[in-house]
Amino acid sequence: MHKIWVSDDDNAIRVILEESLRSSGFDVKTFSSGDDIVNELKNAKPDLILTDVQMPGMHGYDLLKHINDNYEDIPVIIMTAFTDMQAAVDSYGGGAFEYLPKPFDLDDATQIINRALEDKPKTKGLKSKPTTDIIGESASMQAVFRAIGKLSSTTATVLVQGESGTGKELIAKSLHKNSPRHDMPFIALNMADIPKELVESELFGHEKGAFTGAVDRRIGRFEQANGGTLFLDEIGDMPLDSQTRLLRVLSNKEFYRVGGDKPIKVDVRIIAATHQNLNNLVSQKSFREDLFYRLNVIKINVPPLRDRKEDIDVLTKYFLKNHSESLGEDLRVLSKEVMDVITKYDWPGNVRQLENTCYWLALMTPTQNVKVEDLPEEIKDHEIIEAPSSSWEEGFNNWVSNLVTTTDKDLLDIVNPKIEKIIVKAALDKANGKKNEAAILLGLGRNTLAKKMKELGL
């Protein structure tokens, strides 16, 4: 029978875990502090330790370090109510077998314990101080945090999948900062921003005279990132020809500058990101299948903000505090009505749009107390179709009825631009900002769409 030691200063949690684990066939002993476990380890050893983080006396991470330094064969599972990314990184980076955000399912905990007992891992943590600047409390973000934490001691290739504005580059930077390469360069390159004919020069550099305009030798991003991490954002926009050369570098760890005849050896970790579905691009023959499998070693899916609305409150407070301080403004206070509006809003621009909105509020609101009318137009306009009703038509009718009571004339001049703005913006969001695709969706010419966007302030 496997011996499990549980450390938590909450008696109720100790009782629940003890009863649950005993019913699963484990020999369970509970402790109210990490110090008690350290003392008991002088006399006996368990097969596994399950410990809380915040306890009187010895901190859970200090207990983890003690076990890591002295009892490498004892797996440790960290459980904590502090469910941010730092907790995950500290747990995995410190050598924990697993990280359990409270509250957790008892059956899941039992499965993890069984897996830890079967694997009997060696606990080896990071030597560097882990850092992070990503926040979120939702279950979907916990999955992201756990992935980053587990990857903290590796240099594995990672593919980050998520919509624009979800924070893919922040995740890439966190993966780098918490990796063994943290002291080496982090180089980022957005493939969507580079003209097709300049992609290879950007990646691999060029020799003087390699092409018209190449007046000097140029060092490419691979050389700049040597020993560190190269972040290739929007990898789905990379031209096929360049994909072939990238695959060759990933396979051979060497390349030639454009116009060069000497191979250059590099040691670079690749983190790629995209808002597109690469499987679809592979099916469409616009992305190499072999490159896809080379990049898709570990995938991290970043949820859009509309799917983790429970994070909006904590993100809003965080951004408002930062921007108010940087601008030298009083901290803005959002009313319940304002929070209701921004929580209902779908945030097509995701976290980036929310941060920009908080900057707007910190800078532009006339008073410290923010009202609904202080919000940017696109968020207030959203209320047109989000009004409480059994259908969108009823919601629209209610909005118009309310507008009629406050408007004396030119009702159509007020309503039509707002409706038009919502429709055009929806088409642009659907097309990921690509005007040609949005124009087709709207049944307009591209120039007509561009003119209308200017008129509508988009």
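The values are calculated or read from the model by the stated rules, or taken from the named source; none is laboratory data. Because the structure is predicted, anything quoted here is derived from the model rather than measured. Quick reminder, even Gly has a Cβ in these numbers, built from the backbone with ideal geometry, and neighbours come from all protein chains shown.
If only residues of the stretch 365-382 that are of a type in the set (D, E, K, R) and assigned to a helix (DSSP H, G or I) are counted, the one that is modelled with the lowest pLDDT is Asp381. Taken residue by residue, the stretch 280-301 has at least one member that is assigned by TED's automatic domain parsing to the domain that holds Asp233, aromatic (Phe, Trp, Tyr) and in a loop (DSSP other than H, G, I, E, B).
Just to check your reading of the model, which residue among Asp133, Asp90 is surrounded by fewer than 20 Cβ atoms within 10 Å (Cβ to Cβ) and either assigned by TED's automatic domain parsing to the domain that holds Leu21 or modelled with pLDDT of 85 or more (or both)?
Numbers: Asp90 fails: surrounded by fewer than 20 Cβ atoms within 10 Å (Cβ to Cβ).
Only one candidate passes the filter, namely Asp133.
Can you confirm whether Ile49 is of a type in the set (Val, Ile, Thr), under 23 Å from Asp119 (Cβ atoms), in a strand (DSSP E or B) and in contact (Cβ under 8 Å) with a residue 40 or more places away in the chain?
On the way: of a type in the set (Val, Ile, Thr): yes; under 23 Å from Asp119 (Cβ atoms): yes; in a strand (DSSP E or B): yes; in contact (Cβ under 8 Å) with a residue 40 or more places away in the chain: yes.
Answer is yes for this residue.
Exactly one residue out of Glu254, Glu329 is more than 20 Å from Glu378 (Cβ to Cβ) and touching a Pro at 6+ places or on another chain (Cβ under 9 Å): that is Glu254.
Within the stretch 194-230, how many residues turn out to be assigned to a loop (DSSP other than H, G, I, E, B) and exposed (fewer than 14 other Cβ atoms within 10 Å of the Cβ)? Explain how you work it out, then say what you get.
So the first thing to find is which residues in the stretch 194-230 are assigned to a loop (DSSP other than H, G, I, E, B), and the list is 194-195, 205, 207-217, 219-220, 225-228.
Checking which are exposed (fewer than 14 other Cβ atoms within 10 Å of the Cβ) leaves us with 195, 208-209, 211-213, 215-216, 219, 227.
Final tally of qualifying residues: 10.
Kindly evaluate Asp307 against the criterion of being of a type in the set (Asp, Glu), touching a residue at least 40 places away in the same chain (Cβ under 8 Å) and either surrounded by 20 or more Cβ atoms within 10 Å (Cβ to Cβ) or within 17 Å of Leu230 (Cβ to Cβ) (or both). No. Of the residues making up the stretch 238-248, just one is closer than 26 Å to Lys177 by Cβ and part of a helix (DSSP H, G or I), namely Leu246.
In the stretch 402-421, the residues that are in a helix (DSSP H, G or I) form no Cβ pair under 6 Å with any partner that is loosely packed, with under 10 Cβ neighbours inside 10 Å and modelled with pLDDT of 65 or more, whether six or more places apart or across chains. Going through (1) surrounded by 12 or more Cβ atoms within 10 Å (Cβ to Cβ); (2) modelled with pLDDT under 75; (3) hydrophobic (A, V, I, L, M, F, W, C) one by one, Leu449 falls short only on (2). Filtered by the rule that a residue be outside any strand (DSSP E or B), over 18 Å from Thr30 (Cβ atoms) and among the charged types (D, E, K, R), the stretch 82-110 gives Asp84, Asp90, Asp105, Asp107, Asp108.
Does the stretch 154-193 hold any residues that are over 23 Å from Ser140 (Cα atoms) and part of a helix (DSSP H, G or I), and which are they?
Met191, Ala192, Asp193
Here is the figure for the stretch 15-38: residues that are over 21 Å from Gly95 (Cβ atoms) and over 33 Å from the mean Cα position of the chain (by Cα) total 16.
Does Leu232 qualify as being modelled with pLDDT under 95 and under 30 Å from Gly149 (Cβ atoms)?
Details: modelled with pLDDT under 95: no; under 30 Å from Gly149 (Cβ atoms): yes.
When the stated conditions are applied, Leu232 does not pass them.
Checked against the criterion of being in contact (Cβ under 8 Å) with a residue 40 or more places away in the chain and not in a loop (DSSP other than H, G, I, E, B), the candidates Met79, Met55 yield just one match: Met79. The requirement of being surrounded by fewer than 20 Cβ atoms within 10 Å (Cβ to Cβ) and either in the same structural domain as Ser138 (by TED's automatic domain parsing) or touching a residue at least 60 places away in the same chain (Cβ under 8 Å) (or both) is fulfilled nowhere in the stretch 328-338; no residue meets it. Scanning the stretch 249-273 for residues that are at pLDDT 95 or above and either under 15 Å from Met191 (Cα atoms) or of a type in the set (Ser, Thr, Tyr) (or both) returns Ile270, Ile271, Ala272, Ala273. When you scan the stretch 199-222, do you find a residue that is touching a Leu at 6+ places or on another chain (Cβ under 8 Å), more than 20 Å from Tyr293 (Cα to Cα) and charged (D, E, K, R), even just one? The answer is yes, given that some residue of the stretch 199-222 is touching a Leu at 6+ places or on another chain (Cβ under 8 Å), more than 20 Å from Tyr293 (Cα to Cα) and charged (D, E, K, R). Look through Tyr99, Tyr61 and report the one residue that is of a type in the set (Phe, Trp, Tyr) and modelled with pLDDT under 85. Answer to the check: Tyr99.
Within the stretch 138-157, residues that are of a type in the set (D, E, K, R) sit with their Cβ atoms under 8 Å from residues that are buried (at least 19 other Cβ atoms within 10 Å of the Cβ), at 6+ positions apart or across chains, in these pairs: Arg146/Ala88; Arg146/Tyr92; Arg146/Tyr99; Lys150/Tyr92.
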